[in-house]
Amino acid sequence: MAPHNPAQRDLLLDAAETVAAREGVARLTFDAVAAEAGVSKGGLLHYFSSKEQLIEAMVQRSADGWRNCFMTGYAEAPEGPGRMLRGILNHCCMDARNWTDGLRRSYSAIFAALAQNSELVQPMRDVYDELYGLIRNDGLPDHVAEIVMAAIDGLWFYWVMRLRPVDQEALDRLRCTLERIVALAVEKPETFDVQITTPPPSADA
């Protein structure tokens, strides 16, 4: 059997993402992907022996891309508290032109995985575990880091889902606001002390 060609494998994954994004996961078939890629079905089967294997590879590639994004940001950010969050904001949330249709299309893999078998999303779960491990050791109050990441993930989600557009102005507003929150959490962490109280039981309880 001929060895796998990484460039050809990426071409096939591109085709699978295109089919899933354009036609929906129900139409993500080997025939459709092979036609989109301009290869024979046998050529596709040489790389992926099942639909689940194809979707898992799509998810893994998306997960690797996200890991590369936040780890590059982490490496570029100055050391100190909030380094991981500062890195994500500066590297991943700086330029709206980097939020491309191809990047949005790559996340069709996640929806394909959820529709096919939720266990196939595990590579992305693993990457988020890595990310949150770094954030927990980032020197900021835990709930501050959670709020900042929830805001970033929220913006990302409604962009991927085409619920709202994300332009440079929107991205700048979010980034600048979150940068101020991180800076304040570094300088005055006591500002974010939270007392969690349990509401009294309702009269109907």
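Bear in mind these aren't lab numbers, they're just calculated from the coordinates by the rules spelled out. The structure displayed is predicted, hence computed values, not measured ones. Here the Cβ is made from the backbone with ideal geometry for all residues, glycine too, and neighbour counts use every protein chain on show.
Available extension along the chain between Leu103 and Ala7 is 32.8 nm, counting 0.36 nm per residue and deducting the alpha carbon span. When Cα Rg over 2.2 N^0.38 Å is calculated for this entry, the matching label among (1) 1.43; (2) 0.95; (3) 1.23 is (3).
Against the chain, whose longest principal axis comes from its Cα atoms, helix 51-76 is set at around 40 degrees.
Here the Gaussian network model covers the chain, with springs between Cα atoms less than 10 Å apart; of Ile147, Ile88, Ile135, Ile147 fluctuates the most. Distance from the C-alpha centroid of segment 116-146 to that of segment 18-50: 31 Å, rounded to the whole angstrom. Peptides 165-171, 53-59, 66-72 ranked from most to least packed, by the mean per-residue count of other Cβ atoms within 10 Å: 53-59, 66-72, 165-171. Each Lys or Arg adds one and each Asp or Glu takes one away; over the other residues whose Cβ falls under 15 Å from the Cβ of Ser108, this sums to +1.
A simple spin-label model places pseudo-atoms 7 Å from Cα toward Cβ; at His143 and Arg27 they are separated by 4.7 nm. As a ratio to 2.2 N^0.38 Å, the alpha-carbon radius of gyration for segment 43-121 is 1.36.
Each label was represented as a point 7 Å from its Cα along the Cα-to-Cβ direction; for Thr191 and Ser40 these points are 6.5 nm apart.
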